[in-house]
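Since the structure comes first, as structure tokens, the remarks are kept for the end.
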Amino acid sequence: MRDRRPDPNALLAEAAIDHTLCKWMVGEPPTLVRATLQSIAGARLTFALGSDSREDTPAEGHVLVVSLLCRGWLVAFHTRVKNCRPRMQSVVVETDYPNDILVYQARRAFRIPVKGLGLQAACTKLPEIELQDLSLLGFGVRTYVSDPPRTLLLELSFESLEVSAPARLVASHPGGVVGYQFELEGDSTKRALRTLVMAVERAWVARERRVG
């Protein structure tokens, strides 16, 4: 089937015209910062940070992982900060125009293909599993049992991060792949999962940029 993904540069230009909200991943461990794409001029992108995000202003030379939604598509890329300057109640941040822009079908929570990223997954109820994808809402896994458990506790580890997250079965697909939705209780578990998923997403975007 022919690839029907729109031109990524056109999507980015449209997002600038609409002053689209963006998500940045900044620092180590990654911090989520929200900004607005204001304009594109030549080889520069201009973003605005609200007054509540001034303390998260990245330093010049810092590399950002940026993602945004435009017309139902997820646009993700790396860019480097060129300069920052205060303006009224906001901060204006100029960055390089990205060399590579990834465009993927958007979902309510983006599913990260995890193969080859080094993410470890284990579950006592499914001794043999192959994690297919991961998002903030749930995950897809290939199973080797005819009747997968309705609920389970998934143990995830990535780099130095670890989290245990309960989930329930919500979907079944051909080929033994089933979908689970996280059933999280407590802010600490939610924060731990978000930190891990953001780290996995950043690793995936970095890999796609290298091989793209």
**Asked** What's the tally of Lys pairs in the chain whose alpha-carbon atoms lie under 30 angstrom apart, where the two lysines are 8 or more places apart or on different chains?
**Response** 6
**Item:** Cut-off under 5 Å, modelled amide H: who pairs with HIS62 long-range
**Value:** VAL81
**Message:** As I understand it, the value is the acute angle between the Cα axis of helix 8-17 and the longest principal axis of the Cα atoms of the chain; what does it come to in degrees, rounded to 10?
**Reply:** 60
**Message:** Just to check I understand the Karplus step: with θ = phi - 60° and J = 6.51 cos²θ - 1.76 cosθ + 1.60, what whole-Hz values come out for the range 37-46, glycine and proline as x?
**Reply:** 6, 8, 6, 10, 9, x, 9, 10, 10, 10
**Asked** Cα convex hull of the range 45-192: mean projected area in nm², to one decimal?
**Response** 11.4
**Asked** Nearest 10 degrees, 0 to 90: what angle lies between the long axis of helix 187-211 and the longest principal axis of the chain (Cα atoms)?
**Response** 70
**Message:** Once you keep just the Cα pairs under 8 angstrom separated by 6 or more residues, what percentage relative contact order results for the chain?
**Reply:** 15
**Message:** Full-extension gain between VAL92 and LYS23, please, as 0.36 nm times their residue separation minus the C-alpha to C-alpha distance.
**Reply:** 23.3 nm
**Fill in**
Residues meeting the amide H criterion for LYS125 (H placed from the backbone, H to H distance under 5 Å, 5 or more places apart or on another chain) are LEU153
**Item:** Two-decimal ratio, the range 8-105, of alpha-carbon radius of gyration to 2.2 N^0.38 Å
**Value:** 0.98
**Asked** Is it possible to state the helix-based mean residue ellipticity at 222 nm for the chain, with each DSSP H run of 4+ residues giving -39500 (n - 2.57), the sum divided by total residues, to the nearest 500 deg cm²/dmol? What is it?
**Response** -5500 deg cm²/dmol
**Request:** Provide the gained length on full extension for the span ALA10 to ARG207, in nm with one decimal, where the gain is 0.36 nm per separating residue minus the Cα-Cα distance.
**Result:** 68.6 nm
**Message:** I need the fraction of alpha carbon pairs in the range 112-211 separated by more than 15 Å, rounded to a whole percent.
**Reply:** 59
**trypsin sites (Lys or Arg not before Pro) within the range 96-163, DSSP loop, no more than 16 other Cβ atoms inside 10 Å** = ARG107, ARG108, LYS115, LYS125, ARG150
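Throughout, read-outs are computed from the coordinates displayed, never taken from laboratory work. Computed from a prediction, not measured in an experiment: that's the story for all the values here. Cβ coordinates were reconstructed from backbone atoms using ideal geometry, including for glycine residues, and neighbour counts include every protein chain displayed.
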